[in-house]
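Below is one structure, written out as structure tokens, with a few remarks after it.
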Amino acid sequence: MKIKLTSVLVDNQDKALAFYTEVLGFVKKTEIPMGEFKWLTVVSPEGPDDIELLLEPNENPAAITFQKALFEQSIPATAFAVDNVSDEYSRLTGLGVRFTMEPTEMGPTTVAAFDDTCGNLIQIYQI
């Protein structure tokens, strides 16, 4: 069993694609029109391109409630590994990203969290 696809709920797929590619540095892998929405995935340029992140529309009322509750409780929707949290924090703040948690050491790892502008908090971490 392998992880090949995971998703993050987003309130606007086009805005999410711009943020996840132009700011975070992911690369668009798949964009298939599906009525009002799209099957829209991105991959990391630093990893295998068969592990995809689906930018999934949060149109389901349960999804909206879940996403909002996580955000209001400062719980990240997902986490991405980085080589150096402090360097990534500096790069992203330079691009205008709003962090809700500055780089913080937690035992053997350092973490930080930011607003992805699409309804989520995202954690970055290094081990």
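What do you reckon, is Leu17 open to solvent by less than 40 Å² (accessible area, probe 1.4 Å), farther than 13 Å from Ile124 by Cα and part of a helix (DSSP H, G or I)? So Leu17 fits the description; yes. The residue pairs whose first member lies in the range 46-57 and is farther than 13 Å from Phe80 by Cα, whose second member is of a type in the set (D, E, K, R) and not in a loop (DSSP other than H, G, I, E, B), and whose beta carbons are closer than 7 Å, counting only pairs six or more residues apart or on different chains, are Asp49/Lys29. Quick one: is Asp116 open to solvent by 70 Å² or more (accessible area, probe 1.4 Å), modelled with pLDDT of 95 or more and not aliphatic (A, V, I, L, M)? In short, no.
A residue that is under 22 Å from Leu5 (Cα atoms), surrounded by 19 or more Cβ atoms within 10 Å (Cβ to Cβ) and touching a Leu at 6+ places or on another chain (Cβ under 9 Å) occurs somewhere in the range 77-94. Checked against the criteria, Met101 counts as free of Cβ contacts under 8 Å to residues at least 40 places away in the same chain and open to solvent by less than 70 Å² (accessible area, probe 1.4 Å). Taking the range 32-61 as the range and being of a type outside the set (Val, Ile, Thr), open to solvent by 70 Å² or more (accessible area, probe 1.4 Å) and farther than 29 Å from Gly94 by Cα as the test, the residues that pass are Pro33, Met34, Gly35, Glu36, Trp39, Glu59, Asn60, Pro61. Taking the range 94-114 as the range and being of a type in the set (D, E, K, R) and either over 17 Å from the mean Cα position of the chain (by Cα) or assigned to a strand (DSSP E or B) (or both) as the test, the residues that pass are Glu102, Glu105. Of all residues in the range 114-126, those that are at positive phi and touching a residue at least 24 places away in the same chain (Cβ under 8 Å) have Cβ atoms under 6 Å from Cβ atoms of residues that are open to solvent by 20 Å² or more (accessible area, probe 1.4 Å) and assigned to a loop (DSSP other than H, G, I, E, B), 6 or more apart or on another chain, in Gly119/Asp11.
A count restricted to the range 73-102 and to residues that are among the β-branched types (Val, Ile, Thr) and within 20 Å of Glu46 (Cβ to Cβ) stands at 4.
The values are calculated or read from the model by the stated rules, or taken from the named source; none is laboratory data. Because the structure is a prediction, the values reported are computed rather than measured. Neighbour counts are summed over all protein chains in view; Cβ atoms, including those assigned to glycine, are modelled from backbone coordinates with ideal geometry. Only protein heavy atoms, including side chains, enter the accessible area calculation; ligands, DNA and RNA are left aside. Shrake-Rupley method; radii C 1.70, N 1.55, O 1.52, S 1.80 Å.
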